[in-house]
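What follows is one structure encoded as structure tokens, with my remarks underneath.
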Amino acid sequence: MPPQVIPRPADWGPGRPAAWSTVPASRRRRLGVERVEEALAVVGQSGPMTPSAFDAPAVTAEPREAPPARPEPGGPTPSAVLVALFEESGDARVLLTRRSSRLRSHRGEVSFPGGRIDPGETPSSAALREAAEEVALDPAGVRLVGWLHPLFTFSSSSRIAPVVGVLERRPVVRPNPAEVERVFDVALAVLVADGIFHEEHWRVPSRPALREAVPGPEDGSFAVWFFEVAGEIVWGATARVLHELVSLAVGVPPVLPG
């Protein structure tokens, strides 16, 4: 598999420590499914994503120097991803994929199963359908428990709704080779372990010109998050979704920068 291409600008440097870096190691272990469900309920993000939540201002997942050359007519494409969790030995694990290097956008990147919301679909139904198409995950075996904040991506001009679902056991998956090169899973406790996460501080001088789409500091700087796990580098929209998920699980207020 070809390596990912991470478009670091010339002006970048190390960022801040992880939001959970001061949380005692004992509280970063045994992050089970029940703990995630309780955290979603506390912040009012359990149950299906409401239209008002999906239409709220979105977090920018992967800022670029300019919008896509061919933006979708009528604005960003509504999309949904399934954040599928299952538990083993008391640890919640999340299902991830590595996208095919033959796709038009986000090729070779780590992602959640997901894609476009078709007319008449809800974010939840779209996420379940896409998971079935990409990795043969049976929708009947998914218990939908909540949602995470929507995101916007420039490169694919998509507005993404992350839908959280729970599986009774480790799923049997079959990747669709046209879309997915690899399916793997990782424990939430691993994601918050020391040395897995890091933040980079990128600066793109032309970014302030995109003020309406990408609010942020006047100097065009922004934070980019990375998890290095299971032999993969997770960044962009997927890293932002994971950041919110694990922050909630360990009891840290999620940071949602532009």
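The values are calculated or read from the model by the stated rules, or taken from the named source; none is laboratory data. As the structure is a computational prediction, the values presented were derived from the model and not from experiment. Neighbour counts are summed over all protein chains in view; Cβ atoms, including those assigned to glycine, are modelled from backbone coordinates with ideal geometry.
Yes/no per residue for (1) modelled with pLDDT under 90; (2) surrounded by fewer than 21 Cβ atoms within 10 Å (Cβ to Cβ); (3) acidic (Asp, Glu); (4) in contact with a Ser or Thr (Cβ under 8 Å, 6 or more places away or on another chain):
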site: Glu199; (1), (2), (3), (4): no, yes, yes, no
site: Ser206; (1), (2), (3), (4): yes, yes, no, no
site: Glu218; (1), (2), (3), (4): yes, yes, yes, no
site: Ser221; (1), (2), (3), (4): yes, yes, no, no
site: Phe227; (1), (2), (3), (4): no, no, no, no
site: Ala237; (1), (2), (3), (4): no, no, no, yes
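If Ala249 satisfies every condition in (1) among the aliphatic types (A, V, I, L, M); (2) modelled with pLDDT under 95; (3) in contact with a Lys or Arg (Cβ under 7 Å, 6 or more places away or on another chain) but one, which is the exception?
(2)
Among what's in segment 137-158 and is of a type in the set (Gly, Ala, Ser) and either at pLDDT below 95 or assigned to a helix (DSSP H, G or I) (or both), pick the residue that is surrounded by the fewest Cβ atoms within 10 Å (Cβ to Cβ).
Quick first cut of segment 137-158, residues of a type in the set (Gly, Ala, Ser) only: 140-141, 146, 155-158.
Cutting the leftovers down to either at pLDDT below 95 or assigned to a helix (DSSP H, G or I) (or both) gives us 140-141, 155-158.
Values: Ala140: 8, Gly141: 15, Ser155: 17, Ser156: 20, Ser157: 19, Ser158: 27.
This residue is Ala140.
Looking only at segment 26-38, count how many residues are in contact (Cβ under 8 Å) with a residue 12 or more places away in the chain and either over 23 Å from Ser125 (Cα atoms) or exposed (fewer than 13 other Cβ atoms within 10 Å of the Cβ) (or both). So that I can check it myself, show each step before the final result.
The first filter runs over segment 26-38 and keeps only residues in contact (Cβ under 8 Å) with a residue 12 or more places away in the chain, leaving 27-33, 35-37.
Those still in the list that are either over 23 Å from Ser125 (Cα atoms) or exposed (fewer than 13 other Cβ atoms within 10 Å of the Cβ) (or both) too: 27-32, 35.
Final tally of qualifying residues: 7.
Is it true that Val180 is closer than 19 Å to Ser79 by Cα, crowded, with 19+ Cβ neighbours inside 10 Å and at pLDDT 95 or above? Lay out the reasoning, then the answer.
Values: closer than 19 Å to Ser79 by Cα: yes; crowded, with 19+ Cβ neighbours inside 10 Å: yes; at pLDDT 95 or above: no.
No; evaluated as a whole, the condition is false for this residue.
Looking at segment 112-126, is at least one residue at pLDDT 95 or above, over 17 Å from the mean Cα position of the chain (by Cα), assigned to a helix (DSSP H, G or I) and farther than 18 Å from Ala230 by Cα?
yes
If you take the residues of segment 159-177 that are at pLDDT 90 or above and under 15 Å from the mean Cα position of the chain (by Cα), which of them is surrounded by the fewest Cβ atoms within 10 Å (Cβ to Cβ)?
At the first step, the residues of segment 159-177 found to be at pLDDT 90 or above are 160-176.
Going one step further and asking which of them are under 15 Å from the mean Cα position of the chain (by Cα), we end up with 160-165.
Numbers: Ile160: 32, Ala161: 25, Pro162: 28, Val163: 27, Val164: 29, Gly165: 22.
Top of the filtered list is Gly165.
Given the criteria more than 15 Å from Thr122 (Cα to Cα), part of a loop (DSSP other than H, G, I, E, B) and of a type outside the set (Gly, Ala, Ser), does Arg169 qualify?
Yes: the conditions hold for Arg169.
Surrounded by fewer than 19 Cβ atoms within 10 Å (Cβ to Cβ), part of a helix (DSSP H, G or I), modelled with pLDDT under 90 and among the hydrophobic types (A, V, I, L, M, F, W, C): does that describe Ala213? Full working, then the answer.
On the way: surrounded by fewer than 19 Cβ atoms within 10 Å (Cβ to Cβ): yes; part of a helix (DSSP H, G or I): no; modelled with pLDDT under 90: yes; among the hydrophobic types (A, V, I, L, M, F, W, C): yes.
No, not satisfied.
Is it true that some residue in segment 65-72 is at pLDDT below 85, of a type outside the set (Gly, Ala, Ser) and surrounded by 15 or more Cβ atoms within 10 Å (Cβ to Cβ)?
Going residue by residue through segment 65-72, those that are at pLDDT below 85 are 65-72.
If we keep only those that are of a type outside the set (Gly, Ala, Ser) too, we end up with 65, 67-68, 70-72.
Filter once more, keeping what is surrounded by 15 or more Cβ atoms within 10 Å (Cβ to Cβ): 68.
Within segment 65-72, one or more residues are at pLDDT below 85, of a type outside the set (Gly, Ala, Ser) and surrounded by 15 or more Cβ atoms within 10 Å (Cβ to Cβ).
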